[in-house]
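As structure tokens, the structure follows; a few thoughts come after it.
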Amino acid sequence: MKTGIHSKMAEEMKIIPFPEENEDRFIARVIYSALSEWIKASTFDRKIDDQEGVTEDGCTKHHITRKCGDILKGFLEIYPQIEDYFYPEDEKDPKPIQEIQKRLFSAGVLVSGINNTVQLSQKKYGFVTDNLYFERGNFPETGNQISGLGSYINRVPENSSTQQLEELFFIPDENAESTFYNFNKRMKGKYTPLSEIPENWRFFDFNSKKSFYKSWIPYFDETNKITAYKNSNNILDYGIIKNNNGTLSSITFPNHIVDTKEVRRFLYGIRSAEGNPCKAKLTLMGKSVNIEFYTSLPQREQTLLNMIAWPVRSMYDRTQYTAPIVFLPIIKKMFKNLNVDIG
């Protein structure tokens, strides 16, 4: 591959080109990860003049967006061939800097500070291997290994505690099918009988091979079965509906399940329970693993993946990623916990 500014950046972040990727994809990965580091470093900006969005207490999201947006603009002038990675045609109103900030907030890397400022979170470390740890809460330093939007070090400071990486992102030990069964068990006796089905309800087709988005149908006539419903007129109204010998009853999901995209965990569990588990394909390519799947992840797993892997087709890609092979055990465990068949 050709050398350039991106080569020096890649060297500093310990990002290597993968054998199967072309140069443009490699450059896009490097810039994507570098933006994450610039965003984190920008939280230490302090007021030295009348610069908008910067105070003695720190800087705002607006300041970071403007500053790092200018950085991205400069790199796209140097590498115009990667513009569609950050501004894909199929993404409505893409805002790459805001989106990366959002992902860092979701991962707990960024937190809200005083006076509407943004700051790094408290220091925490997540175990990957005996010589690789996820680092959260430290100022970006040259020499850290960057993967996706995550920063990694080879050893943690003395007397520092660590957690398994999955624990750091609150990935539940319970698999998706058990989550579905246990919720239904806990809610037994709390279901509300339905004399008729609201016409704006749609029902999850657990026999579908399509993505979750395309698996909602306008009827539910499966006797002695349970599935999820959604209200097509209310994006916050999801729940479970069951058919006992033709008698229908339902229960609405609590708000936190909907707000955190945990409904998806139930959909994985329902498909598995009905003998139609979702599928993923992991392809080993030298020092990397290519990850392909066809159904949206729950928010916690999505956040974990953002911290270890790079989206392939654009930074908004949600179903194809590439990651260093060191993360393969974590990736396999993540999919297994969602009852996904890995091919």
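Numbers for the structure displayed
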| quantity | calculated |
| --- | --- |
| Residue in segment 276-292 that is nearest to I16 (Cα to Cα), counting only those that are in contact with a strand residue (DSSP E or B) (Cβ under 8 Å, 6 or more places away or on another chain) and part of a loop (DSSP other than H, G, I, E, B) | K287 |
| Among the candidates I217, I240, I197, I235, residue that is surrounded by fewer than 20 Cβ atoms within 10 Å (Cβ to Cβ), under 26 Å from P277 (Cβ atoms), outside the structural domain of S106 (by TED's automatic domain parsing) and among the β-branched types (V, I, T) | I217 |
| Residue that is outside any helix (DSSP H, G or I), among the small types (G, A, S) and touching a Lys or Arg at 6+ places or on another chain (Cβ under 9 Å), where the choices are G143, G189 | G143 |
| Number of the exception - D173 against (1) within 17 Å of G126 (Cβ to Cβ); (2) at pLDDT 95 or above; (3) out of contact with any strand residue (DSSP E or B) (no Cβ under 8 Å at 6 or more places or on another chain) | (2) |
| Any chance S160 is without any contact (Cβ under 8 Å) to a residue 60 or more places away in the chain, exposed (fewer than 13 other Cβ atoms within 10 Å of the Cβ) and either assigned by TED's automatic domain parsing to the domain that holds Y133 or under 30 Å from G137 (Cβ atoms) (or both) | yes |
| Hits in segment 251-270 (condition: among the aliphatic types (A, V, I, L, M) and in contact (Cβ under 8 Å) with a residue 60 or more places away in the chain) | I251, L267, I270 |
| Of residues in segment 133-164 being closer than 23 Å to Q302 by Cα and in contact with a helix residue (DSSP H, G or I) (Cβ under 6 Å, 6 or more places away or on another chain), the one modelled with the lowest pLDDT | P140 |
| So T295, is it buried (at least 20 other Cβ atoms within 10 Å of the Cβ) and assigned to a loop (DSSP other than H, G, I, E, B) | yes |
| Yes/no for M307 being assigned to a helix (DSSP H, G or I), crowded, with 22+ Cβ neighbours inside 10 Å and under 10 Å from the mean Cα position of the chain (by Cα) | yes |
| Test: residue in segment 148-166 that is of a type in the set (S, T, N, Q), part of a helix (DSSP H, G or I) and over 16 Å from the mean Cα position of the chain (by Cα) | no |
| Verdict on G343 being more than 28 Å from P94 (Cα to Cα) and out of contact with any helix residue (DSSP H, G or I) (no Cβ under 9 Å at 6 or more places or on another chain) | yes |
| Extreme residue, surrounded by the fewest Cβ atoms within 10 Å (Cβ to Cβ), among residues of segment 68-91 that are under 12 Å from I27 (Cβ atoms) and without any contact (Cβ under 8 Å) to a residue 40 or more places away in the chain | P80 |
| Test: residue in segment 319-336 that is small (G, A, S), crowded, with 20+ Cβ neighbours inside 10 Å, in contact (Cβ under 8 Å) with a residue 40 or more places away in the chain and not in a strand (DSSP E or B) | no |
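To keep it simple, each residue is scored yes or no on (1) under 25 Å from I153 (Cβ atoms); (2) at pLDDT below 95; (3) polar (S, T, N, Q).
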| site | (1), (2), (3) |
| --- | --- |
| V54 | no, yes, no |
| F75 | no, no, no |
| P80 | no, no, no |
| P88 | no, no, no |
| R103 | yes, no, no |
| A107 | yes, no, no |
| G113 | yes, yes, no |
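For every residue, the table says whether it meets (1) in contact (Cβ under 8 Å) with a residue 24 or more places away in the chain; (2) over 12 Å from L267 (Cβ atoms); (3) among the aliphatic types (A, V, I, L, M); (4) in a loop (DSSP other than H, G, I, E, B).
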| site | (1), (2), (3), (4) |
| --- | --- |
| I171 | yes, yes, yes, yes |
| N182 | no, yes, no, no |
| K209 | yes, yes, no, yes |
| D221 | no, yes, no, yes |
| K230 | yes, no, no, no |
| L236 | no, yes, yes, no |
| G239 | no, yes, no, no |
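The values are calculated or read from the model by the stated rules, or taken from the named source; none is laboratory data. Keep in mind that this is a model prediction, so the values were computed, not measured. Counting neighbours? That spans all protein chains shown, and the Cβs are built from the backbone with ideal geometry, glycine included.
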